[in-house]
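Below you'll find the structure, written out as structure tokens, and then a few comments.
Please treat every number below as a calculation from the coordinates, not as lab data. Keep in mind that what you see is a predicted model, and the values were worked out from it rather than measured.
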Amino acid sequence: MAKAKPRVLLLVGSASDIPVMKKAVAVLNEFGIENELTIASAHRSPERALKLAAGAEKRGIKVIIAGAGLAAHLAGVVAAHTSLPVLGVPMGGGPLQGLDALLSTVQMPPGVPVGTVAIGEGGAANAGLLAARILGLSDPVIAKKLTAHRARMAALVEEAAAAVEADGK
Ligand code: RP5
């Protein structure tokens with residue numbers, strides 16, 4: 001059977017970023033959203049990054065998630081070459097613990113938006129959820145799963161609260 005066409009393209013600047021970006025992949029898989037993860041660096045392979053960004057819309061991609069560390073230009077470069085929504089994941093680590101990547105990713109000049117999430121794994125998971133929310137606007141199956149996901153989280157808090165309150169009695 002032919003593989004379904006990806007709706008979300010995930011790009012990272014280096015193989016060292018893959019474990020973090022896998023958190024976004026896990027969320028997309030949980031929501032049944034076809035996705036494709038690959039590596040392209042804004043600095044080391046600028047032409048590959050450009051090609052992937054510029055060609056994404058024609059391939060049926062609806063959202064691009066781009067993650068990089070240090071002087072992280074990947075999400076910005078990708079946003080410059082597509083009209084698709086681009087979510088940026090600043091990678092942690094390095095001498096500045098990801099603060100450099102956060103500022104490089106979030107501080108885009110007016111006109112070239114990158115929806116930037118938090119540094120590292122939590123941010124990557126949220127980028128997956130944001131992509132699901134964007135797709136959920138026009139896909140009722142995803143929208144239903146998002147509602148169920150929020151209900152599950154609320155139930156977990158209720159459970160934890162009940163346990164801690166019972167413990168205090
Ligand atoms: C960035 O430099 C990559 O996104 C990565 O987070 C960081 C370090 O890359 P490696 O030296 O591990 O390949 O471009």
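Extent along the principal axes, Cα only, for region 21-74: 32, 28, 12 Å, with the longest axis given first. Annotation: lysines with alpha-carbon distance below 21 angstrom to LYS5 (same-chain offsets under eight excluded): LYS22, LYS23, LYS51, LYS58, LYS62, LYS145. Please compute the contact order of the chain in relative form: average sequence separation of alpha-carbon pairs under 8 Å and at least six residues apart, divided by the residue count, as a percent. Relative CO of the chain lands at 21 percent.
Largest GNM mean-square fluctuation across PRO85, PRO140, PRO110, computed for the chain with C-alpha springs under 10 Å, falls on PRO110.
Inverting the mean 1/r over all pairs of different Cα atoms, compute the Kirkwood radius of the chain and quote it in Å.
16.6
Per-residue Karplus couplings for region 65-82, computed as 6.51 cos²θ - 1.76 cosθ + 1.60 with θ equal to phi - 60°, are listed in order as 10, 10, x, 8, x, 6, 6, 7, 9, 4, 4, x, 5, 4, 4, 6, 10, 8 Hz, Gly and Pro entered as x.
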